[in-house]
Amino acid sequence: MLRDGKLPRTVSLDTCRAELVIIDQTLLPAELKLLRLWDLQSICEAIKKLRVRGAPAIGVAAACGLYCLAARYTERESGAFMKHLSDDASALNATRPTARNLSWALEVMLRCAEAAADGGVASILEALKYKAKAIEEEDVAVCKAIGEYGEKLLKDGDCVMTVCNAGALAAVEYGTALAPVYVASEKGKRLSVYSLETRPLLQGARLTSFELTENGIDTTLICDNMAASVLASGKVSAIFTGCDRVAANGDAANKIGTYMLAILAKHFSVPFYICAPYSTIDFSTPTGGDIVIEQRSEDEVRSLWYEKPMVTEKARIYNPAFDVTPAELITAFITEKGIKVPDKL
Ligand code: MRU
């Protein structure tokens, strides 16, 4: 999970056993437990329930998971094998609608299988294994590159604000929004981070503050509704967030609360950066209004984390997992290809 190799990757493929290995993020920070998965139901459940989460990590999990499923198919004829593969890819793709990396990774895997189909089932499987591992390794390199570009925007003593978890736990290693912080700290810069708690699933509290402190970064957790007062204090040098899908016009969907931060950033003249690999950009979705926003269960707001429900049954609950930040509020995207303004992606 973390950068020094002492702890496991957030998500990886065990090629010898054809098993998807993930950190069960629902147990953090209390327990660091690895899960080994190889059947469709458990892999879909792990993604839906956010055992593995964060756009890049979901993409890698889907790619590695698809190979693990395929390795157990009994079909020995390419056509039937490909039909099974495509059905499983559709089931995986339906688990979470907003993260572009999920459909991107599955499309890459299906194209790879089609290209190898003439060689028969053994050749498809070999190609899928190689591609899944390549997607996993590429994620590390891409996040590291985002960190290298983003680090140049930070100087010794700076303070960053972030929301949700777009760190090592949201990718294979490093993450996106936290990669610049990690790379800067590797280069000896002393940084501090304000992490928003991120209601209702508390990714900022449970995950971001966990991985930052494990990496020795000075971290302060705040409730989401404290962001304006902290920004007003003038302590924050920049806001860095990840994102789940970027539309062709530069509008970006990320964890609910990101849009609020972007508006605050403009009000307080704090630069607002979105860190994302190119696999998060969806050039076929024209604007943010076309991005499908995942709606999640009422219970996450009503009763999760509480001994008793905290909301009367009579009240309806609205629980969108993401919001869309308009391009004009985004100072720049930090990508593996450099720092890009929203209209020149
Ligand atoms: O619902 P989650 O926890 O999967 O949401 C994650 C986020 O919104 C992250 O900010 C985003 O995926 C970017 S991860 C590098």
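Which longest uninterrupted range of the chain lacks any chymotrypsin sites (Phe, Trp or Tyr not before Pro) assigned by DSSP to a loop state (not H, G, I, E or B) and surrounded by at most 13 other Cβ atoms within 10 Å?
Segment 1-282 is the longest.
I want to check the label-to-label distance for LYS49 and THR74. Put each point 7 Å from Cα in the C-beta direction and report it in nm to one decimal.
Placing both labels 7 Å beyond Cα along the Cβ direction yields 2.8 nm.
Could you work out how far apart the two model spin labels at ASP39 and LYS155 are, taking each label as a point 7 Å from the Cα in the direction of the beta carbon, and quote it in nm?
The modelled label-to-label distance comes out at 5.8 nm.
Going 7 Å from the Cα of LYS83 toward and past its Cβ, which residues in the range 40-76 have a backbone nitrogen under 19 Å from where you end up?
Residues passing the 19 Å test: 70-76.
What nm value, rounded to one decimal, do you get for the distance between LYS189 and LYS235 when each label is placed 7 Å out toward the C-beta?
1.9
Considering only ALA122, GLY79, GLY54, whose Cα is most displaced toward the positive end of the charge dipole of the range 11-144, charges sitting on Cβ of Lys, Arg (+1) and Asp, Glu (-1)?
GLY54
Percent antiparallel among DSSP beta bridges with both residues in the range 153-344, to the nearest 5?
Percentage antiparallel, nearest 5: 35.
Within the set LYS155/LYS187; LYS155/LYS266; LYS235/LYS266; LYS49/LYS83, which residue pairs have Cα atoms separated by over 18 Å?
Correct reply: LYS155/LYS266; LYS49/LYS83.
With a ≥ b ≥ c the root eigenvalues of the C-alpha gyration tensor of the range 153-344, is it rounded (a/c under 1.5), prolate (a/b larger than b/c) or oblate?
Oblate shape, in that a/c is at least 1.5 and b/c is the bigger or equal ratio.
Within 12 Å, Cβ to Cβ, of LEU34, how many net charges do the neighbouring residues add up to if Lys/Arg are +1 and Asp/Glu are -1? Write out the running numbers ahead of the final one.
On the way: positive: ARG9, LYS33, ARG36, ARG51; negative: ASP14, GLU19, ASP24, GLU31.
Neighbourhood net charge equals 0.
When a footprinting reagent is the concern and you count Cβ atoms within 10 Å, what order do MET260, MET161 take, fewest first?
MET260, MET161
Where the centre of each part is set by its Cα atoms, how far does the range 34-84 sit from the range 168-183, in angstrom?
24
Computed from the coordinates by the stated procedures, all read-outs in this text should not be read as laboratory data. Please read all numbers here as calculations on a predicted model, not as lab measurements. Using ideal geometry, Cβ is built from the backbone for each residue, glycine included, and neighbour counts are taken over all protein chains shown.
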